[in-house]
1. Quick one: net charge of TRP42's neighbours, Cβ under 15 Å, K/R +1, D/E -1?
2. Which order do you get for LEU36, LEU51, LEU29 if you rank them by accessible area with a 1.4 Å probe, largest at the top?
3. Name the GluC sites (Glu not before Pro) in region 1-72 that are in a loop by DSSP and that have at most 11 other C-beta atoms within 10 Å, would you?
4. I need the trypsin sites (Lys or Arg not before Pro) found in region 1-91, filtered to DSSP loop residues with at most 13 other beta carbons within 10 Å of theirs.
5. With an 8 Å Cα cut-off and a minimum separation of 6 or more residues, compute the relative contact order for the chain in percent.
6. Give me D for region 1-57 in µm² s⁻¹, whole number, from Stokes-Einstein with Rh from the Kirkwood sum over alpha-carbon pairs, 4 °C and 1.567 mPa s.
7. R0 = 25 Å: FRET efficiency of GLN111 with LYS84, Cβ-based, nearest 0.05?
8. Once both labels are modelled 7 Å past Cα along the beta-carbon direction, what's the TRP70-TYR7 spacing in nm?
Amino acid sequence: MNYVDGYVIPVPTANRDAYRRIAETGAALFKEFGALSVVECWGDDVPEGKLTSFSMAVQRKEDESVVFSWITWPSKAVRDEGMKKVMADPRMEAMNPMPFDGKRMIFGGFQVIVSA
């Protein structure tokens, strides 16, 4: 089964185009270093919750939108090696400053248990 990195992040709505540009650059890097696919989604119908929600989880501000994304890898081993290469690549530095507050990013790696 594949391995998936997922993340949710608040991005200032005014930075949508800047985010899309860095997401395209990042996607190319991830794929170059072993990712099977990269999906970046801009929140369109993200309801506010009473106990939990995407917005609450990332402490979204009024002028921000929620981004939900995932990267699919062939395995955790390929992801671990690929992620090291991506983070060491000088093209990553060219993306700074990022158009969002990385301190409020929620991320993690996941084993796929069902894929239909």
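1. That works out to -3.
2. Largest accessible area first, the residues go LEU51, LEU36, LEU29.
3. Sparse-neighbourhood loop GluC sites (Glu not before Pro): GLU48, GLU62.
4. Passing sites in region 1-91 are LYS50, LYS61.
5. That works out to 50 percent.
6. Translational D for this selection: 97 µm²/s.
7. The pair GLN111/LYS84 has a calculated efficiency of 0.80.
8. In this crude spin-label approximation the distance works out to 1.6 nm.
The values are calculated or read from the model by the stated rules, or taken from the named source; none is laboratory data. Here the structure is a predicted model, which means the values were calculated and not measured. We place every Cβ from the backbone using ideal geometry, glycine too, and count neighbours over all the protein chains shown. For the accessible areas, the whole protein counts, side chains as well, though only heavy atoms, and no ligand, DNA or RNA atoms are used. Shrake-Rupley method; radii C 1.70, N 1.55, O 1.52, S 1.80 Å.
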